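We did not get these values from a lab; they are worked out from the coordinates using the rules stated. Computed from a predicted model, the values in this text were never measured in an experiment. Cβ coordinates were reconstructed from backbone atoms using ideal geometry, including for glycine residues, and neighbour counts include every protein chain displayed.
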Amino acid sequence: MPLSGYNEKQSQAFIEKYEISMLLDEALLQGDLSVHYQPKVDATGQCIGLEALARWNSPILGNVSPVVFIPIAEEYRMVSRLTDLIIQKVCAQIADWTKTGLPSVPVAINISLIDFSQTDFMSKLVKYLADFNVKPPQIELELTETSLEANQAHSLKLMQTLQSWGFTISVDDFGVGYSNIARLADYPINKLKLDRSLISQVTSSTRQKSLVKAVHVMCEELDIKCVAEGVETQEQVAIMTQMGCKEFQGFYFAKPMPAENFAEHVSRHGLVFNAKEMTAQL
């Protein structure tokens, strides 16, 4: 007699997830994940930063979506190894771009709750930068509200230390689930990234537009820069610009791309990412 709540589909899903975790473990050991970079731009399309995004092209599974492998990395306690690998690859890439004379822009790296909770996070981060002669102002650290709230005393102390070293601190995905902007005033935050779920509705919902405007006004009062994430239309850019937003990220300007594609674009067009040109290329 089968166990209560157990069925063949659940069994197969568990097996598939476990198999993916084993392949991911091997990929991390071999350093076989790559990094794509998505430009962050001002309203004119001038690139003022990049976000580093993990990509995994498995020889067995093919391209595995981050939506699949990142939760598995978290569940199987591999996320810190993933973050370490991405930080090292980003630092190596920054060093290479510097060597070849590519204009320098800060690169943002996503930091998980597990990463941020580790006592040796700061020492590892500083070591990786030193290995490639990368300076803290060249790195932006993107955290989630959950990371901040999990251990408030630890988060506050670590963020103060990171800022004193020159790192930029951003809160990512603001607007997903319960968000408390007043609570963010307790932390030394440089940037707030408004989630695409908020940005997507500013052109169709008066209430949503008013909410985003209120968040932006409060950010200005707190001296926190607002970033519009997931921008897909010129109308969204126009509305956010009217509110005073000066930094944008989304498919309207550019999709995530391999490092060599970014370097090639900059060598041909400079740091300007024209929306129409990028749509044609990608």
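Some notes on this structure:
- DSSP loop chymotrypsin sites (Phe, Trp or Tyr not before Pro) with at most 13 other Cβ within 10 Å excluded, longest remaining stretch of the chain: 7-177
- Net charge of the neighbourhood of Leu53, taken over other residues with C-beta under 11 Å away and scored Lys/Arg +1, Asp/Glu -1, is 0.
- Beta-bridge orientation, region 8-281: approximately 40 percent antiparallel, per DSSP, counting only bridges with both partners inside.
- Of (i) 21.8; (ii) 18.6; (iii) 20.2, the label for Kirkwood radius over Cα pairs in Å derived from the coordinates: (iii)
- Proximal charge balance of Val237 [Cβ under 12 Å; K/R count +1, D/E count -1]: -3
- Efficiency of FRET between Gln46 and Ser123 - r from beta-carbon atoms, R0 30 angstrom, step 0.05: 0.30
- Annotation for Lys99 and Ser164: the two label points, set 7 Å from Cα along the Cα-Cβ direction, are 3.4 nm apart.
- Summed side-chain charge close to Arg196 - residues other than Arg196 whose Cβ falls under 10 Å, Lys, Arg +1, Asp, Glu -1: -3
- Largest GNM mean-square fluctuation across Val272, Val107, Val90, computed for the chain with C-alpha springs under 10 Å, falls on Val272.
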